Amino acid sequence: MTGISQYTDFAAKNALFVDKTALLQKLVDEKFVLLSRPRRFGKSLLVSMLTELFTNGVKNFQGKTIYERWHEKTYPALNLSFAGLTNPDTFEVELCTTLRNACYAAGFHGIYDFIPECKDFKTLSGRVVRQVLKGQQAVLLIDEWEDPLLANLNDHSANDKLWDLMRYVCFWTRDSHAFWFVLVTGSTRNPHSSFIWDSFRNISKEPYYAALLGYTSEELQTNFGAYLSRCADRNQCSTAEVMAQIKRTCARMSIGQDEIVQVYCPEDIHSFFCQEAARSCPTL
């Protein structure tokens, strides 16, 4: 199954789930985290898993490693996805709408009543802290923070405007003291990330978190062993040859400097096996 970005959909669709949850308790202990990975590596699924853990605890994680390791209490989880917010002229208004919708989804259903439509993020974010959270801490999960910037790389005026608002978003996440844990995900190792999110723990290049997103070779052999064997039998070759074909055709990235960890793009892996299952393949 490809394209699943909601954790609860795995059980509903009886899809194969590669258990990455062993790393989640350590991740939230970092408190303020920046994580960059290319698209289609599972960032949105990670956000969904954290939302589920902070909202409902481990009740939907039976059989997963985190079930015995998670020791956090529940918090309202505010999800802000910047994906698709690419028009610099409407970005702030759309971000305000995204924040209000996130508050509603986190259980603050009265926000539309006592905070009518607001087009100024600084005003709205302050009112959310004072009038919505009211001293209660929450979790903030920001997905694809760079999307507006990447869509306007050649428009210097638009980029300057967007950077100013991004700086304020970062300031708000840390200095409002309203958030117990914050995760910010991006798609590139943008050199400006260290400037904007300099007070965050950047785990993008750390080998310890390399396997948090994507599949290692070991995980492929452990979790997709039956698929590898079927593919090998169909093509009258060895599983090692199938793995070599995966290495040649599927996107992967290396993480770390002294300790290099390679991970494959999950969607590429899923597509590879789906294509193999859908046709009678020639010899690899």
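The figures follow:
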| item | result |
| --- | --- |
| Single residue of ALA226, ALA232 found to be at pLDDT below 95, farther than 24 Å from LEU23 by Cβ and surrounded by fewer than 17 Cβ atoms within 10 Å (Cβ to Cβ) | ALA226 |
| Sole residue being more than 26 Å from CYS250 (Cα to Cα) and either surrounded by fewer than 20 Cβ atoms within 10 Å (Cβ to Cβ) or modelled with pLDDT under 90 (or both), chosen from GLN6, GLN25 | GLN25 |
| Any chance GLU72 is surrounded by fewer than 17 Cβ atoms within 10 Å (Cβ to Cβ) and within 20 Å of PHE179 (Cβ to Cβ) | yes |
| 1 or more residues touching a strand residue (DSSP E or B) at 6+ places or on another chain (Cβ under 9 Å) and surrounded by 14 or more Cβ atoms within 10 Å (Cβ to Cβ): qualifying helices (runs of 4 or more DSSP H) within the range 102-199 | 147-150, 156-175, 193-196 |
| Some residue of the range 233-251 being in a helix (DSSP H, G or I), among the small types (Gly, Ala, Ser), touching a helix residue (DSSP H, G or I) at 6+ places or on another chain (Cβ under 7 Å) and outside the structural domain of GLY84 (by TED's automatic domain parsing) | no |
| Residues that are at pLDDT 85 or above, farther than 15 Å from PHE41 by Cα and in contact with a helix residue (DSSP H, G or I) (Cβ under 7 Å, 6 or more places away or on another chain), drawn from the range 171-198 | TRP172, SER176, ALA178, PHE179, PHE181, VAL182, LEU183 |
| Members of the range 75-96 that are in contact with a strand residue (DSSP E or B) (Cβ under 9 Å, 6 or more places away or on another chain) and either in a loop (DSSP other than H, G, I, E, B) or surrounded by fewer than 16 Cβ atoms within 10 Å (Cβ to Cβ) (or both) | TYR75, PRO76, PHE82, ALA83 |
| Any chance ILE111 is farther than 28 Å from GLN262 by Cα, at pLDDT below 95 and touching a Cys at 6+ places or on another chain (Cβ under 6 Å) | yes |
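The values are calculated or read from the model by the stated rules, or taken from the named source; none is laboratory data. Source: prediction; values computed, not measured. Heads up, the Cβs are rebuilt from the backbone with ideal geometry, glycines too, and the neighbour counts pull from every protein chain shown.
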